[in-house]
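Trainee: I'd like to ask some things about the structure below.
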Amino acid sequence: MKEKSVAKVSAKRTNKSVTVADIPRVGPGTPSGEWFRRYWVVVGIARDLYDIPQAVKVLGEELVLFRDEFSKLGLLGLHCPHRGTSLEYADIECGGIRCPYHGWLFDVSGQCLEMPAEPKDSKFPQKVKHLSYPVQEQGGLIFAYMGPDRDDPPPLPKYGPLVDRGSQWQIEPVRHADYNWFNFFENSADPAHVCILHRHAGYGQQSWGNQFFSYTEMPSFEFVEMDYGMKVVMTKPGPKPGTEFVDEMSLALPSIVQVGDTEFVHAKMDAAVLIKEGSQCEHWMFVTPNDDEHFMLFTADNYKGPEANFFEKLKALREKETPAQEVMPYDKRKFMPYKGNVRKEDLMTQGTQGLLGERSEQLSVSDRGVIKFRKIVVDAIETGLRGGRPKGMVDKKQANEVYRLDTQVGVRAIVKNLELKIKK
Amino acid sequence: MKEKSVAKVSAKRTNKSVTVADIPRVGPGTPSGEWFRRYWVVVGIARDLYDIPQAVKVLGEELVLFRDEFSKLGLLGLHCPHRGTSLEYADIECGGIRCPYHGWLFDVSGQCLEMPAEPKDSKFPQKVKHLSYPVQEQGGLIFAYMGPDRDDPPPLPKYGPLVDRGSQWQIEPVRHADYNWFNFFENSADPAHVCILHRHAGYGQQSWGNQFFSYTEMPSFEFVEMDYGMKVVMTKPGPKPGTEFVDEMSLALPSIVQVGDTEFVHAKMDAAVLIKEGSQCEHWMFVTPNDDEHFMLFTADNYKGPEANFFEKLKALREKETPAQEVMPYDKRKFMPYKGNVRKEDLMTQGTQGLLGERSEQLSVSDRGVIKFRKIVVDAIETGLRGGRPKGMVDKKQANEVYRLDTQVGVRAIVKNLELKIKK
Amino acid sequence: MKEKSVAKVSAKRTNKSVTVADIPRVGPGTPSGEWFRRYWVVVGIARDLYDIPQAVKVLGEELVLFRDEFSKLGLLGLHCPHRGTSLEYADIECGGIRCPYHGWLFDVSGQCLEMPAEPKDSKFPQKVKHLSYPVQEQGGLIFAYMGPDRDDPPPLPKYGPLVDRGSQWQIEPVRHADYNWFNFFENSADPAHVCILHRHAGYGQQSWGNQFFSYTEMPSFEFVEMDYGMKVVMTKPGPKPGTEFVDEMSLALPSIVQVGDTEFVHAKMDAAVLIKEGSQCEHWMFVTPNDDEHFMLFTADNYKGPEANFFEKLKALREKETPAQEVMPYDKRKFMPYKGNVRKEDLMTQGTQGLLGERSEQLSVSDRGVIKFRKIVVDAIETGLRGGRPKGMVDKKQANEVYRLDTQVGVRAIVKNLELKIKK
């Protein structure tokens, strides 16, 4: 790896151009918020949506998600447009959701259907349309479109692990975190942390991790701009001349991460077989900001390999990743213990960073993935603001294609000039 | 009920005129706060004031209420004018309240009587007068006057249920709520919610409620401007031609509500007798804002009818109003369960509305009571700001009259042209 | 004591001159904060610093205190300069503290020693120097210098009770409080409160307190400007003509208090002997603001007298100072009970005062100690801002002298013209 000059993106905003400091803030009317609203975002898990309305905050907006009694999904403004009472307490009935205060009834499109206290011949109900966003279910996740063309939204991409599944798949329980979504997201543009932060996490207990994510001999990292965002390519010399071990991660805009090596690292399959055959598990994380200090993490796993009960095994192995740190009686630190559990390690480091654009940073060569990725996101925000198609957005021509994030793991012939080879 | 054009009061403030958005905010120096301070306000319950000072926040001001050892009531600024220590911890002794820090002693008028550490011949104590407000007890409630003429305040009105009592009366325990006082107050200008929100609350279990507050056949509503504020008149055709069932509620400025039908609805007396004889229970609620997000509710009940142990019966029936909603294990909504208990239903709907003037609203025909009432309050605020006598304020000529809020309930000959008939 | 005109220091800031309202605010860049940073401040207790980093907020700055594996003390900025992760979770190893995220290693000077993910020949580590402050341990307390000359800081004064100890000494457990540090500090410039607030605290149970701190016959108070700050001199006529009882307290800038009468008042030694021989206990309190709403209190005691097990006895007597107040079931006041325990009495009065400069005050003759002391502090802040040597700061010429706060307690020949006699 050669030291080279590092592309820099200023963290100060000048002349109203978008900067890195804009990325984390996604409220209505912000540059990043407007860009994020060009995509479909996950707002809930189908199996968690019962016969009661579910209040949910998305991109700084207070909303209520529900299924009407005909199972149609609706996502409306949380507060009734009449007098403001929370529709979280509404009754699901009569083809919609009925506010408890005065009985105004709204269908999933936000159209008011009834106002019980108004004169019986009143035309007022048909004039009232409440804030509503298009919602679609796909493979167990509920997506909403909160962008500018709500009457004619872009197609919901056909996400691989949700529409083209193997015999085994799962949606993990939602995770909630109380720091900025981008701290989590850009962490995957930074593979060095795997060898350092996660060096305690038991990778060393199996051959792949031991060889590949070594603290002392880290892999080479390449960062390849993709049509969907960026791919992180980690390589080491392979078992035979002209071959390389490869392990890839994908970051798709606005906020999807695919980790390629789930069964190697976490499920600890037979490395020799895996290296020959490659990964057969898609492990996707969809990040949805509630606001600038909170986000939800929705995870979809899809396994097409031969291992029986793959997810049960994965879960059992994750549960064994109990932090091994001894915590002394005088140690009152909030996140203790964390070492040895990948998710707790991430939570501690990302949760104490503060907000990008407010915190001080000194970046260098090993941060070139982060630097490049921030530039890609800033470009996408600017494209979105201009009304263009930002990276990762699927247009109507592509609507029927399955949307995959190709992350290779295993042994292959050495690939050179990655940027040129990978079709953008 | 005919659909008619609706009087509108703009929620945007222009040219410094008072608007609906001013109503909820009652801190010192605000238009609504200045208006509210023209009246006596309830600051405590006599039986709850022990031999220790009681910190209380009223209209955004931190105060301390106490009774000196001769039982004189005092309401002073919470912080000692000397160095700021809280007088909540003062000792009641020597004709006043003594700050624990340096022993400054204040009488109920705020006059400093002693400064133990000052030279014995010092004239300084007589120069120090702490913030104090006139306080009076009436029928178990403690009222304060925080307005401009504190040396010569207007008379405390002789409130009916406090000065002219039947054989049975009670002051209910104070209730505290953490939302804006006006959400609660204007709720009574909106009778439609009784038929809708409270349709689960067991009214249907007795003949009066069943007939009168029907969800499908609501009563007619009239809103009559009164000298004290506004009266809500709810009527339905009576048992004989030329008669009507009537049920009334009064809203007296700045913040008193009388509900007329307590024994019908809640005590479930024999409806036939009651309808013939009318209500004999006065049920008053005094709303006191602590600040713009909190209020206290003081309730005085006065019963002059023949039923023995009326309030015990009322209490037992209220306790039976346990919400009947089944709450499923997945239902983690904060206010659950609420259906079936009038007070919980109100708490949920009003507590989630947000602040008038900040929330969005779409009002229509069935909101004409709310619209009219807001206009009455805005007019009163403007009158108060001009130094005039706002509605509900009693001047010295009326000082000896008992202040009643006439709310009729029962059967009567049909009354037409209510606005003209009712003496303002 | 004659009533005389009182020197006043305006609480309003004009023309950027420093005022009393500036004193409490010590964040970076404030006048008081800049002044405070000219001194060494206590940031921790040696025995409480274990083999893990300790997050500590000082003067509004988030810092991390640690001892490297060679026992060298370090105080660095809490957030890693690389990507902001909290160094509270860093590993102490390899001659420094290693950030968990990417393994950047910093020594106690803030110098970056390693960046494991950077190219092996990278020069970047040597260019990165993290925020660090000089730290020194003295007699069990850890001091830091956060001022302008960090490469050549002024000498840490040789504080008497830390460097020149008797056979018995102790560092008390740190106390934390959630109000402004100056409410605590200036309380000692106000001896009248001892006779008033602490009249319940059991002083009356022993001859010295009974005679001296009488509520009805208070001692005379003099306030003497000193080179280190101010001394409070309390006197009463002595047992023989020409003699006086004396009890002194010292306030050394920026925030040290010495109380002279610890063994008289709290340890309740034989008053006759003590009065003859004088106090042999140094009782120092070092106040360190965390920010403008929180402070830490570090207490060092040094006893050179003949009493065996002096501190065990002192502790036992303090534990007996349980508030004797009966608390009635209706009494829900936060600080109850407080009467009878000096520290709880102080906590209540100081904790409810609000911020100097924001609260209203009316000061008079008995506040002349507070008034004089505030003026001394304002002068010191101005001196500090001009780059001069503020009171209480020790320069290099004085570096080898033991820094003592002379507080006399006992009987002495009457001293007149205190200001002239005491060498400044």
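Trainee: Scanning the range C:66-91 for residues that are of a type in the set (S, T, Y) and not in a strand (DSSP E or B), which turns out nearest to C:R150 (Cα to Cα)?
Mentor: Here the answer is C:S71.
Trainee: Still on this structure, I have one more. Report whether or not C:P100 is farther than 21 Å from C:R47 by Cα, surrounded by fewer than 21 Cβ atoms within 10 Å (Cβ to Cβ) and in contact with a Phe, Trp or Tyr (Cβ under 8 Å, 6 or more places away or on another chain).
Mentor: When the stated conditions are applied, C:P100 does not pass them.
Trainee: Testing C:G354 on (1) more than 14 Å from every other protein chain (Cβ to nearest Cβ); (2) surrounded by 16 or more Cβ atoms within 10 Å (Cβ to Cβ), one condition comes back false. Which one is that?
Mentor: Result: C:G354 fails condition (1) only.
Trainee: Now a separate question. For B:R412, work out the one condition from (1) outside any loop (DSSP other than H, G, I, E, B); (2) within 25 Å of B:M296 (Cα to Cα); (3) touching a residue at least 24 places away in the same chain (Cβ under 8 Å) it doesn't fulfil.
Mentor: The single condition B:R412 does not satisfy is (2).
Trainee: Regarding the range C:36-47, can at least one residue be identified that is within 14 Å of another protein chain (Cβ to nearest Cβ), surrounded by 17 or more Cβ atoms within 10 Å (Cβ to Cβ) and under 24 Å from the mean Cα position of the chain (by Cα)?
Mentor: Yes.
Trainee: For the structure I just gave you, tell me whether C:D107 is among the acidic types (D, E) and either in contact with a strand residue (DSSP E or B) (Cβ under 8 Å, 6 or more places away or on another chain) or at positive phi (or both). Steps first, answer last, please.
Mentor: On the way: among the acidic types (D, E): yes; either in contact with a strand residue (DSSP E or B) (Cβ under 8 Å, 6 or more places away or on another chain) or at positive phi (or both): yes.
Considered against the rule, which asks whether it is among the acidic types (D, E) and either in contact with a strand residue (DSSP E or B) (Cβ under 8 Å, 6 or more places away or on another chain) or at positive phi (or both), C:D107 comes out as yes.
Trainee: Which members of the range B:281-297 meet the condition of being in contact with an Asp or Glu (Cβ under 8 Å, 6 or more places away or on another chain) and hydrophobic (A, V, I, L, M, F, W, C)?
Mentor: Let us first name the residues in the range B:281-297 that are in contact with an Asp or Glu (Cβ under 8 Å, 6 or more places away or on another chain), namely B:281-284, B:293-294.
The answer is B:C281, B:W284.
Trainee: Which members of the range C:287-324 meet the condition of being over 28 Å from C:G260 (Cβ atoms) and either without any contact (Cβ under 8 Å) to a residue 24 or more places away in the chain or not in a strand (DSSP E or B) (or both)?
Mentor: Within the range C:287-324, C:D292, C:E293 qualify.
Trainee: With the condition kept exactly as written, say whether any residue in the range B:58-73 is within 14 Å of chain C (Cβ to nearest Cβ), touching a residue at least 40 places away in the same chain (Cβ under 8 Å) and more than 23 Å from C:P329 (Cα to Cα).
Mentor: Yes: the range B:58-73 contains one or more residues that are within 14 Å of chain C (Cβ to nearest Cβ), touching a residue at least 40 places away in the same chain (Cβ under 8 Å) and more than 23 Å from C:P329 (Cα to Cα).
Trainee: Just checking, how many residues over the range A:75-97 are within 9 Å of another protein chain (Cβ to nearest Cβ) and of a type in the set (V, I, T)?
Mentor: The number of residues fulfilling the criteria is 1.
Trainee: Let me ask you something else. Do we have C:P329 as more than 8 Å from every other protein chain (Cβ to nearest Cβ), surrounded by fewer than 16 Cβ atoms within 10 Å (Cβ to Cβ) and assigned to a loop (DSSP other than H, G, I, E, B) here?
Mentor: yes
Trainee: Within the range A:172-185, is even one residue among the hydroxyl-bearing types (S, T, Y), closer than 30 Å to A:K375 by Cβ and touching a residue at least 12 places away in the same chain (Cβ under 8 Å)? Break it down stepwise before answering.
Mentor: Within the range A:172-185, the subset among the hydroxyl-bearing types (S, T, Y) is A:179.
Remaining after also requiring closer than 30 Å to A:K375 by Cβ: A:179.
Pick out the ones that are also touching a residue at least 12 places away in the same chain (Cβ under 8 Å) and you get A:179.
There is at least one residue in the range A:172-185 that is among the hydroxyl-bearing types (S, T, Y), closer than 30 Å to A:K375 by Cβ and touching a residue at least 12 places away in the same chain (Cβ under 8 Å).
Trainee: So, B:Y338, is that one under 24 Å from B:V259 (Cα atoms), assigned to a loop (DSSP other than H, G, I, E, B) and out of contact with any strand residue (DSSP E or B) (no Cβ under 8 Å at 6 or more places or on another chain) or not?
Mentor: Yes: the conditions hold for B:Y338.
Trainee: Check B:V108, B:V128, B:V56 and return the single one that is surrounded by fewer than 22 Cβ atoms within 10 Å (Cβ to Cβ) and touching a Cys at 6+ places or on another chain (Cβ under 7 Å).
Mentor: From the options B:V108, B:V128, B:V56, the qualifying one is B:V128.
Trainee: Let me ask something else. All but one of (1) surrounded by 13 or more Cβ atoms within 10 Å (Cβ to Cβ); (2) modelled with pLDDT of 90 or more hold for C:R412; which doesn't?
Mentor: Of everything listed in (1) surrounded by 13 or more Cβ atoms within 10 Å (Cβ to Cβ); (2) modelled with pLDDT of 90 or more, C:R412 misses just condition (2).
Trainee: Scanning for something within 12 Å of chain C (Cβ to nearest Cβ), β-branched (V, I, T), out of contact with any helix residue (DSSP H, G or I) (no Cβ under 8 Å at 6 or more places or on another chain) and part of a loop (DSSP other than H, G, I, E, B), does the range B:98-108 turn up at least one residue?
Mentor: No, that holds for no residue.
Trainee: Under the condition of being touching a Pro at 6+ places or on another chain (Cβ under 6 Å) and modelled with pLDDT of 50 or more, which residue from the range C:1-34 is nearest to C:V394 (Cα to Cα)?
Mentor: C:V26
Trainee: Here are some conditions: (1) touching a strand residue (DSSP E or B) at 6+ places or on another chain (Cβ under 6 Å); (2) within 24 Å of A:V377 (Cβ to Cβ); (3) at pLDDT below 95. A:P148 meets all but one. Which one does it not meet?
Mentor: Every listed condition holds for A:P148 apart from (1).
Trainee: If you scan the range A:344-374, which residues turn out to be outside any helix (DSSP H, G or I) and either of a type in the set (A, V, I, L, M, F, W, C) or modelled with pLDDT under 95 (or both)?
Mentor: Of all residues in the range A:344-374, those outside any helix (DSSP H, G or I) come to A:352-364.
Passing the criteria: A:L355, A:L356, A:L363, A:S364.
Trainee: Residue by residue through the range B:248-275, note down the ones that are modelled with pLDDT under 75 and of a type outside the set (V, I, T).
Mentor: Answer for the range B:248-275, where residues must be modelled with pLDDT under 75 and of a type outside the set (V, I, T): B:E263, B:F264, B:H266, B:A267, B:K268, B:M269, B:D270, B:A271, B:A272, B:L274.
Trainee: For the range A:109-125, which positions are assigned to a strand (DSSP E or B) and away from every other protein chain (no Cβ under 14 Å)? Full working, then the answer.
Mentor: So in the range A:109-125, the residues assigned to a strand (DSSP E or B) come out as A:111-114.
Correct list: A:L113 only.
Trainee: Let me confirm something: among C:V128, C:V163, which residue is among the hydrophobic types (A, V, I, L, M, F, W, C) and either within 14 Å of chain A (Cβ to nearest Cβ) or touching a helix residue (DSSP H, G or I) at 6+ places or on another chain (Cβ under 7 Å) (or both)?
Mentor: Answer to the check: C:V128.
The values are calculated or read from the model by the stated rules, or taken from the named source; none is laboratory data. These figures come from a predicted structure and were not determined experimentally. Don't worry about glycine lacking a Cβ; one is built from the backbone with ideal geometry, like all the others, and counts go over all protein chains shown.
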